[in-house]
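Chemist: Sharing a structure with you now.
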Amino acid sequence: MSRAWLVLAAGALLVGCGGGGGPLEGAGGFEPPAGAIGAGQGEIPDRVERVPSYRVQGAREGTLLSYRVRLRNTGSGPVTVTGVAGDEDVDGQFVSTRLGGGPVRLAPGATATVEVVGRVGRCADRAPGQLTTKFRQRFRYRSGDDEGTQDVDLLAILEVACAAR
């Protein structure tokens with residue numbers, strides 16, 4: 001199989017998984033969950049610059065958490081962010097459940113802050129105190145008649161550690 005064919009196949013696989021391109025990008029402004037502490041700077045895979053890191057320590061399974069992040073519409077038409085989509089590959093122990101405050105409409109080139117609400121989960125799968133990191137969020141959006149999902153870099157790292165059982 002030629003190298004060009006492999007690159008095309010890999011790109012199609014990413015788009016099919018919701019990780020492909022779309023009209024949204026992170027625009028900074030990450031606000032961690034209440035009670036999170038600063039954990040210095042961290043590295044996100046595939047990024048050169050270091051980003052702020054925040055830690056939620058000793059969380060109990062089922063605890064509600066939320067964070068806020070700014071999004072930018074890079075498309076040529078209006079986009080409505082309609083929700084979040086859970087993804088075990090990017091969620092870690094923060095299980096995304098919904099947008100706080102409902103859908104958010106973005107004109108082309110505009111930015112807006114969205115709130116992501118979730119809960120602490122999957123603690124039984126981890127050792128007490130084990131950190132998982134979240135640095136991307138999968139958003140649901142509508143643009144014209146099209147609906148889709150897109151993984152967006154948060155431009156920050158959220159670490160979550162479950163309490164001892």
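Chemist: Students often check this: by mean Cβ neighbours within 10 Å, which of 152-161, 50-59, 96-105 ranks highest, and how do the rest follow?
Modeler: Ranked from most to least packed, the peptides come out as 152-161, 50-59, 96-105.
Chemist: Quick one: Cα centre-to-centre distance for segment 105-134 and segment 19-38, in angstrom?
Modeler: Between the Cα centres of segment 105-134 and segment 19-38 lies a distance of 8 Å.
Chemist: Related question: Once the mean 1/r over all distinct Cα pairs of segment 113-165 is inverted, what Kirkwood radius in angstroms do you read off?
Modeler: 13.3 Å
Chemist: For segment 92-103, just list the computed ³J(HN,Hα) in residue order, Karplus coefficients 6.51, -1.76 and 1.60, θ = phi - 60°, integers in Hz, with x standing in for Gly and Pro.
Modeler: x, 8, 8, 9, 5, 10, 6, 8, x, x, x, x
Chemist: Would you kindly derive the ³J(HN,Hα) couplings of segment 120-129 from the backbone phi angles with the Karplus curve 6.51 cos²θ - 1.76 cosθ + 1.60 (θ = phi - 60°), listing them in order in whole Hz, with x for Gly and Pro?
Modeler: 7, x, 6, 5, 5, 7, 10, 6, x, x
Chemist: Turning to a different aspect of this structure: Quick one: which residues, 5 or more positions from G75 or on another chain, have an amide H under 5 Å from its amide H? H modelled 1.01 Å from N in the peptide plane, none for Pro or chain starts.
Modeler: Correct list: G109.
Chemist: Normalised by the residues of segment 67-108, what does the relative contact order come to in percent, with Cα pairs under 8 Å and at least six apart?
Modeler: It comes to 53 percent, rounded to a whole number.
Chemist: Taking amide H atoms as placed 1.01 Å from N in the peptide plane, list the residues 5 or more away in sequence, or in a different chain, whose amide H sits under 5 Å from that of V152.
Modeler: Those qualifying (amide H under 5 Å, at least 5 residues apart or on another chain) are Q137, R138, F139.
Chemist: Can I ask one more? At 1.4 Å probe size, with every protein chain present, just tell me what the per residue accessible area of segment 108-165 comes to in Å².
Modeler: 44 Å²
Chemist: Explain nothing, just compute: Karplus ³J(HN,Hα) = 6.51 cos²θ - 1.76 cosθ + 1.60, θ = phi - 60°, for every residue of segment 138-148 in order, whole Hz, x for Gly and Pro.
Modeler: 8, 9, 9, 8, 10, 9, x, 8, 8, 10, x
The values are calculated or read from the model by the stated rules, or taken from the named source; none is laboratory data. Please read these numbers as outputs of a predicted model, since none were measured by experiment. Because the Cβ atoms are built from the backbone with ideal geometry, glycine has one as well, and the counts that use them run over all protein chains shown. The area values use the complete protein model at the heavy-atom level, side chains included, leaving out ligands, DNA and RNA. Shrake-Rupley method; radii C 1.70, N 1.55, O 1.52, S 1.80 Å.
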